[in-house]
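Engineer: Right, I'll just put the structure down here and ask away after.
The values are calculated or read from the model by the stated rules, or taken from the named source; none is laboratory data. Keep in mind that this is a model prediction, so the values were computed, not measured. We place every Cβ from the backbone using ideal geometry, glycine too, and count neighbours over all the protein chains shown. Protein only, heavy atoms only, side chains kept; ligands, DNA and RNA dropped before computing areas. Shrake-Rupley method; radii C 1.70, N 1.55, O 1.52, S 1.80 Å.
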Amino acid sequence: MSGTFEETLLSVWRQAMVEDLAAIVIEGCTWPVKQTPRRRLRQVDFQFDGKDIRGLEQNPDTKSRWAQQARAGKKVMQFLADSGYIAVW
């Protein structure tokens, strides 16, 4: 799938959070979906356009509005790069 940055993030979110796959596929490359050691949150490290990006399932036990949505049953994933948080899906 060759797509825009937004399309790629949506695809990562869908594969990891909705389809609950053990690995995601982006443009023919496979990236494993792991779990964080303490909270067992889904995490996937991948590259887009040569940049390292991490998708991380929202921790429902924090005080953010995203955590509030996660507690309500929504599947929320934060995306991070070197500069910090870059998107939420």
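Engineer: May I ask you to list pairs of residues, at least six apart or on different chains, whose Cβ atoms are under 6 Å apart, with the first in the range 23-45 being within 17 Å of PHE79 (Cβ to Cβ) and touching a residue at least 12 places away in the same chain (Cβ under 8 Å) and the second being among the basic types (Lys, Arg) and open to solvent by 40 Å² or more (accessible area, probe 1.4 Å)?
Structural biologist: VAL33/ARG42; GLN43/LYS34; ASP45/ARG54
Engineer: Here's a follow-up. Is there any pair with a first residue in the range 47-70 that is among the small types (Gly, Ala, Ser) and a second that is in a helix (DSSP H, G or I) whose Cβ atoms are under 8 Å apart and which are 6 or more apart or on different chains, and what are they?
Structural biologist: Listed pairs, sorted by first residue: GLY55/LEU9; GLY55/VAL12; GLY55/TRP13; GLY55/ALA16.
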